[in-house]
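The values are calculated or read from the model by the stated rules, or taken from the named source; none is laboratory data. Here the structure is a predicted model, which means the values were calculated and not measured. Glycine also receives a Cβ, built like all others from the backbone with ideal geometry; neighbour counts cover every protein chain displayed. Heavy atoms of the whole protein, side chains included, go into the accessibility calculation; ligands, DNA and RNA do not. Shrake-Rupley method; radii C 1.70, N 1.55, O 1.52, S 1.80 Å.
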Amino acid sequence: MTAFPHLFAPIDLGSIRLANRIVMGSMHTRLETMDRPLERVARFYVERAKGGAALIITGGFSPNAEGLMEPGAPLFDSREQLGEHRPITQAVHDAGGRIALQILHAGRYARVPDAVGPSTIASPINPNAPRRMSEADILRTIEDYATTAMLAREAGYDGVEIMGSEGYLINEFTAPRTNDRSDDWGGSLDNRLRLPVAIMACVRERVGKDFLIIFRVSSIDLVEGGLTAEEIAAQATAVEAAGADVINQGIGWHEARIPTIAQKVPRAAWTFAARLLKDAVKIPVIASNRINTPQVAEAVLARGDADLVSMARPMLADAEFANKAREDRAEEINVCIACNQACLDLIFSKRVATCLVNPKAGREIEFDAPPPARAKRVAVVGAGPAGLACAVTAAERGHQVTLYEAEARIGGQLNLARSVPGKEEFDETLRYYRTRIERLGIDLQLGQRPSAQALAGGGFDEIVIATGVTPRLPDIPGIDHVNCTSYVDILNGRRTAGRRVAVIGAGGIGFDVAEFLTSAPQEVTATPEHFAAEWGLDAHIACRGGLGQAPRASPPPCGEGLGVGGLQDRRDSPPPCPSPTSCRRHAFGVTGEGTQTGRGQHERQVVMLQRKSGRMGRGLGVSTGWVLRLLLAKRKVAQVSGVAYRRIDDAGLHIAVEGEERVVAADTIVICAGQEPARSLHDELAARGAKVHVIGGAERAAELDAMRAIDQGTRLAYSF
Ligand code: NAP
Ligand code: SF4
C-alpha cells in the first residue's frame, strides 16, 4: 500500500492510460545545442521515464519560423525533422514511458525579426515589436499547428500539448491587454477565444480521436488586461468542447511582476486557480508550479483541486522522484528547492540547463564511468555542499568514505541560507544528504577537526578538503565595535539586529540579510495567504489578471530598475533617482520610513551599502533577482552605492559619498563583505607532500555558491 494513493492511481487520458498522476512538465533545456544532442536529449528523458514519471512533455517546438523563441530555437515544421525525434520517442517507449510534444508559438515574445501578434503592442520584455497578423496569417498559423501535431504523431509521440498560456501567442489573442482587434479575432470574448478554439479543433480534426491532446490554459494571467475567472472558465470549456483530452494549468505571463515559481512562492500556491479549471470542465486537469514533493502532490489531488500534477524542475532534481515515492522511499528524494539557479537562470543567460542539487541532470552521458576497479578509502573534511556531494557520490560508487565536520550538524553554509525567508527549501537538501549518509553507511564524524598529521597518516587513498570559507573582515577602523556583527551571527540567530541597520556589502548575502531583517518570520511568509497579500493577488480573479491591488513598488530609493518574470526586461536600465535628497536621507536614517518586520514588532530601517557605483544586485539570479529587488524596494530598504567607508564608532558608520562626509546612524552594522577560502588544512597537507584535493569555497571563495560546490564535489568523486 503506497503512502500516496491518489498519486499512484492510474488514469485514462483520451486514448491512453497512465500508470500514475505524475507528469513531467515542459521545460526548455537547450540540450539540443550541446554535443551529441540526440543521445543527450533521449537519455535525459529516458532516465525520467525509467524513474516512473507517467508522461513526459517535451520543451516547446514552434510550428513555424515566426513563432521561434529566438533564432535557432526548436522548430518542428517538416518531415525532414522526423529523424531528430524518432530516436527520442523510441527510447522513451522502450523505457516504458509516454511522451508528448509541446507546440509553442512565442507570439510577441519571439526574439526574431519577424515576430507576430494579434496587435502591434510590444512586450516589455522584448525589444522587437510584433507585426499585426492578418486574417491570412492567422489561418496559416492554425494550419501550422495542425501540421506540427501530425508530424509529432508520425514521429511516435503519444500526444501533443498546445501551449496556450504564459503570455505566448494564443494567450495574447485571448487577453484585452494585447488584443485590440475589431475583426472576428478580437473584441468580444467569443472572438478572443476564436484562435485557441480554432487551433484545438483543427488539430483534433487532423490527428483523429486516438491521439492525446493537452491544452495549456492560463489559469491566472497576473497582468493588467488579463482574463477574469469567468473568461478563463469559458476558455477551458470551449477548448474542451473543441476536442481537448486534458487541460494543463498555466500561471502568469512572463512579463508579470509577481513571482510564479521562485522560492518565495509557497508550495502549491496556485492550486486555487487549478480548481477554477477543474470546476469548469469534465476532462482531467493538471495542476502545476511549486509542487515539489509527493506529500504536496498527494494533498493537491486528495483535495480534488486537480487530477494530475505537473512537475518539471522536480524531475531535474531527481529523475527517480516517482519510483522513490511509490516505493516508500520519499525521504530519499532530492527535492527541487526552486532556486532557478542552474535551470532557468542558465537558460535565460543562453546556457544549457542542469540542476543545482543534481549536476547530472542533462549531463547524464557525462556520468557513465564504469564502477572503480577497487574500493578506496576516502576522507572528506567539511560537510557543506561540496563535501556532502563528494562524500555521497564517492560512497555511491562503492568507496569507503569518512566525512568529518567541525560543527555538530552537516550543512555548512546551507544552514545559514535556510534561515532566509523562502530558502527553507534547503531543509530538503539537508534531509536528503542525511538520509543518503545513513543509507550508504558513510562514517560521519561530527564535531571533529582532523589534523593534517592524522589525515596524512590515516591510510586514506584520497583526501578531500571542503572546509568552506570564513567571512571577510573589511579593514575599516572600528570594525571590532560592539555594534558590528557578521551576517553569520544574524542569520543563525546568535545576534538580533536593532532598529537602524547598516549592511556593508550588497552581494547575494547582503541582499539575503536585508530580506531577512525586513521579513515576517518564515512560518508566516511560507503561507499562500501571506504571499497573496504581499503581492496583491485576487484569489477570486474577479479583477482582470487576478491583480487585486497590483504590486506597485514606490520607485526604489536609488534609481533601481525593475526586472520581470525571468526574461530580461528592456526597461531594466535604472531610471534616474527620483529624489536624491530623500535617498540620502534614507541612507542616513532620518526619514522615519521603515518596515514592519514581524521580528520584534517595530519599524526597522535598513540601509545597504557598497563601494562600487551603479545599481545594486547585478549579480543576483536573472530569474529571481528582480523579485528580491522589488520586495526590498517595497519595504523601503535604502541602497547607497559608491561609498567610501571611513570608520565605525558609537555614532554609527561614517562614510563618504560623492565627496560628502556622512554618518549612517545605525545601531547594528552587519558585515556582508564576502568571504575568504578556509584552506589552511589543505596547505598543511600539501606541504607534507600528501595527495590532497580542495573543492568548494575552500578552493575559491569568489563565486562561492552551492551550484559550483555540488557540481565540483560530484565530479571529483567520479575521478576516484
Ligand atoms: P559577494 O557576492 O562577493 O559580495 C560581497 C560584497 O561585499 C560586495 O557587495 C562587495 O561590494 C563587498 N565587499 C567586498 N570586499 C569588501 C571589503 N573589503 N570591504 C567592504 N566591502 C567589501 O559575496 P556574498 O554576498 O558573501 O555572496 C557570496 C556568494 O554567495 C555569491 O557569489 C553568490 O554566488 C552566493 N549567494 C547568492 C545569493 C543570491 O543570488 N540570491 C544569495 C546568497 C549567496 P563592494 O566591493 O562594491 O563594496
Ligand atoms: Fe530546482 Fe534549483 Fe534544480 Fe532548478 S536548479 S531544478 S530550481 S533545484
³J(HN,Hα) across the stretch 66-82 via Karplus (A = 6.51, B = -1.76, C = 1.60, θ = phi - 60°), whole Hz, x for Gly/Pro? 5, x, 5, 4, 7, x, x, 5, x, 9, 9, 9, 8, 5, 4, 8, 4
Expressed as a whole percentage, what fraction of the accessible surface of the chain belongs to carbon and sulfur atoms when a 1.4 Å probe is rolled over the protein heavy atoms? 50
Among Ala322, Val217, Val246, whose Cα lies farthest out toward the positive end of the dipole of the stretch 179-334, if unit charges sit on the beta carbon of Lys, Arg (+1) and Asp, Glu (-1)? Ala322
Relative contact order for the stretch 145-205: what percent, with Cα pairs under 8 Å and sequence separation of 6 or more? 30
As I understand it, the dipole of the chain uses +1 on the Cβ of Lys and Arg and -1 on the Cβ of Asp and Glu, about the Cα centre. Which of Ala302, Ala678, Val380 lies farthest toward its positive end? Ala678
Quick calc, the chain, dipole around Cα centre from Cβ unit charges on Lys, Arg (+) and Asp, Glu (-), nearest 20 debye, gives 1140
Computed over the stretch 627-695, Kirkwood Rh from alpha-carbon pairs, angstrom: 16.1
Dmax and Rg, reported as Rg then Dmax, of the stretch 509-548 (C-alpha, Å): 13.0, 39
More than 24 angstrom apart: percent of Cα pairs within the stretch 230-347: 31
Shape descriptor, the stretch 24-76: equivalent ellipsoid semi-axes (Cα gyration tensor, sqrt 5λ, whole Å, largest first) stand at 22, 14, 7
Name the residue farthest towards the positive end of the dipole of the stretch 21-80 from the options Gly25, Gly52, Met69, assuming +1 on Cβ of Lys and Arg, -1 on Cβ of Asp and Glu, about the Cα centre. Gly52
The stretch 1-99: equivalent-ellipsoid semi-axes (sqrt of 5 x gyration tensor eigenvalues, Cα, Å): 28, 15, 13
Which whole-number percent gives the relative contact order of the chain, counting Cα pairs below 8 Å spaced six or more residues apart? 13
Is the shape of the stretch 448-498 rounded, prolate or oblate, going by the alpha carbon gyration tensor and its root eigenvalues a ≥ b ≥ c, with a/c under 1.5 for rounded and a/b larger than b/c for prolate? prolate
Just need log10 I(q)/I(0) for the stretch 274-426 at q = 0.08, 0.10, 0.16, 0.18 Å⁻¹, Debye formula, equal scatterers on the alpha-carbon atoms, no solvent, rounded to two decimals. -0.31, -0.48, -1.08, -1.26
Rounded to the nearest 20 Debye, what is the dipole magnitude of the stretch 270-343 about its Cα centre when Lys and Arg each give +1 and Asp and Glu each give -1 at the C-beta? 320
FRET efficiency for Ser78 and Arg111, using Cβ-Cβ distance with R0 set to 30 Å, rounded to 0.05: 0.85
Expected-Rg normalisation [2.2 N^0.38 Å, Cα atoms] applied to the stretch 52-112: 1.25
With just the Cα atoms of the stretch 186-235, tell me how far they stretch along each of the three principal axes, in Å, largest first. 38, 20, 15
Evaluate the relative contact order of the stretch 92-142 (contact order divided by residue number), counting alpha-carbon pairs under 8 angstrom at least 6 apart; express in whole percent. 25
Kindly provide the helix-only [θ] at 222 nm of the chain, computed as the sum of -39,500 (n - 2.57) over DSSP H runs of four or more divided by all residues, to the nearest 500 deg cm²/dmol? -8500 deg cm²/dmol
Semi-axis lengths, Å, the chain, gyration tensor of Cα atoms, sqrt of 5 times eigenvalues: 44, 34, 21
Ratio for the stretch 194-286, C-alpha Rg to 2.2 N^0.38 Å, reads 1.13
Nearest-20 debye value, the stretch 379-457 charge dipole, Cβ charges on Lys, Arg, Asp, Glu: 80
Taking Cα atoms of the stretch 31-152, Rg/Rh with Kirkwood Rh, to two decimals? 1.04
